[in-house]
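Below is one structure, written out as structure tokens, with a few remarks after it.
The values are calculated or read from the model by the stated rules, or taken from the named source; none is laboratory data. For clarity, every value in this text was computed on a predicted model and none was experimentally measured. We place every Cβ from the backbone using ideal geometry, glycine too, and count neighbours over all the protein chains shown.
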Amino acid sequence: MSIAAHESAPTTSERVSLADRESVFHSWSAQGSLKPLAIAGGFGSTVWDHDGRHYLDFSSQLVNVNIGHQHPRVVEAIQQQAASLTTIAPSAANDVRARAARAITGLAPEGFDKVFFTNGGADANENAIRMARLYTGRDKVISRYRSYHGNTGAAVAATGDWRRIPNEYSRGHVHVFGPYLYRSEFWAQTSEDECARALHYLERVVQAEGASSVAAILLETVPGTAGILTPPPGYLRGVRQIADRYGIILILDEVMAGFGRTGEWLAFDAHDVCPDLVTFAKGVNSGYVPVGGVIISDEIAHHFDERVFPGGLTYSGHPLAAASIVATIDAMRDEGIVDNARRIGAEVIGPRLQELAVAHDMIGEVRGSGVFWAIELVEDRATRTPVTPAAMGRLKADLLGRDLLAFTADNRIHVVPPCIITDAEARAGLDIIDDALRAFTA
Ligand code: PLP
């Protein structure tokens, strides 16, 4: 069918998929075999296609729709802002931009009073790395192998997973393994040993690289796409001590873990640690308008009082994004949305996942908090051999057939619904996963 024919025909999911296949080039994919799901609308934790079929969104799309789809207060704030001023240069002072920055710093520890706005999470990390390099006069950045930091020059080079390897053009990046007891790189049997050995190894890498050449340690507070790897108690505090010992900037990437996902406003609130720079995106406004940024400690911000910060973006602090940030944070606070995420993780999702782990031999481990959980699927519990990519593909398709939009990565299902999910919806989604795993092994 030609594009003109698509445009005059009534919209069906099939027509939208066809039009997409003709014109849209998709991320991280070989284009030939793609079959993207057509989504027409959504509300709360549900989305629907053009034929009226509804899906429970257990993915929050790319783990960003923390406040749920089409939250009325956020939609209205964007509409109102659009009616008064849709765009303004970043060099201008703008009321809603300042209010958004204030709303964000209000969630950060004492001593964080400035926000640099970007278009998303990758350029947040890009600019945080630049700030750390300029502040320290050093070059290297240490990050984890099991991590994702975004799809721009330094951010993708800092990434640990496969997406780094074809894109590794940026210099000065060093990677380490972090704590992950279920698949320990350190031969550890206990969380304490895993933590102590990961910290020892990190410090040895700092020394071996030449501590005076290391600008920053960049970590996802809770590595997300890499497997929802909540750090053991004391790990982030230990990293902070190493950073302090060698004059290194600690950047915590809260792009996925922040703004309610773990059941905290910022994931590091649960870890007795204070970074120097915090990067954010996704949940700050649930992606209703693209935005990200860096929350900057006063010390680093003051470094640029008399020196030029050589970085900027046309849409830095875009008014529509800023209005959506203010409305999102206000609504999350007024409606107890972060508390809901914490409670539902502790009372509904966590306990039910533990039951599933007992019922299904193919579950090797479940872990997480809030609305940020991973189910690790294995062929054999003793060897912990991951299930194959083909098996994961079949399982994901089966879950979709059961009207559940799931987020899968490697051999894992990530249970990452919006923070506003109800107990009944969470139970319904977990029952679907239970049924699909039962059918898979039947
Ligand atoms: N950092 C983390 C932890 C992420 O999960 C992501 C995206 O998934 C990014 C950075 C990149 O964000 P964006 O896709 O908005 O550039």
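Among the residues making up segment 364-380, those that are closer than 16 Å to Phe58 by Cβ and among the β-branched types (Val, Ile, Thr) are Val366, Val371, Ile375. Residues that are touching a Leu at 6+ places or on another chain (Cβ under 8 Å), under 17 Å from Lys114 (Cα atoms) and in a loop (DSSP other than H, G, I, E, B) within segment 258-297 comprise Leu266, Pro275, Asp276, listed in sequence order.
Given Ile129, Ile104, Ile67, which one is touching a residue at least 24 places away in the same chain (Cβ under 8 Å), assigned to a helix (DSSP H, G or I) and more than 19 Å from Gly317 (Cβ to Cβ)? Just one listed residue meets the conditions, Ile129.
Restricting Asn125, Asn119, Asn66 to those that are of a type in the set (S, T, N, Q), buried (at least 22 other Cβ atoms within 10 Å of the Cβ) and touching a His at 6+ places or on another chain (Cβ under 9 Å) reduces the list to Asn125.
Within segment 383-442, the set of residues being within 28 Å of Gln70 (Cβ to Cβ), touching a Ser or Thr at 6+ places or on another chain (Cβ under 8 Å) and surrounded by fewer than 21 Cβ atoms within 10 Å (Cβ to Cβ) comprises Lys396, Ala409, Thr422, Glu425.
Every residue, every condition in (1) in a helix (DSSP H, G or I); (2) more than 23 Å from the chain's Cα centre (by Cα); (3) among the charged types (D, E, K, R), yes or no:
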{"position": "Asp361", "(1), (2), (3)": "no, yes, yes"}
{"position": "Glu365", "(1), (2), (3)": "no, no, yes"}
{"position": "Ile375", "(1), (2), (3)": "no, no, no"}
{"position": "Ala382", "(1), (2), (3)": "no, yes, no"}
{"position": "Thr408", "(1), (2), (3)": "no, no, no"}
{"position": "Pro417", "(1), (2), (3)": "no, no, no"}
{"position": "Ile420", "(1), (2), (3)": "no, no, no"}
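Can you say whether Leu377 is under 27 Å from Gly260 (Cβ atoms), modelled with pLDDT of 95 or more and crowded, with 19+ Cβ neighbours inside 10 Å, as far as the supplied structure shows? Show your work before the answer.
Working: under 27 Å from Gly260 (Cβ atoms): yes; modelled with pLDDT of 95 or more: yes; crowded, with 19+ Cβ neighbours inside 10 Å: yes.
Answer is yes for this residue.
Screening Ala215 with (1) within 16 Å of the ligand (Cβ to nearest atom); (2) assigned to a strand (DSSP E or B) gives one miss only, at (1).
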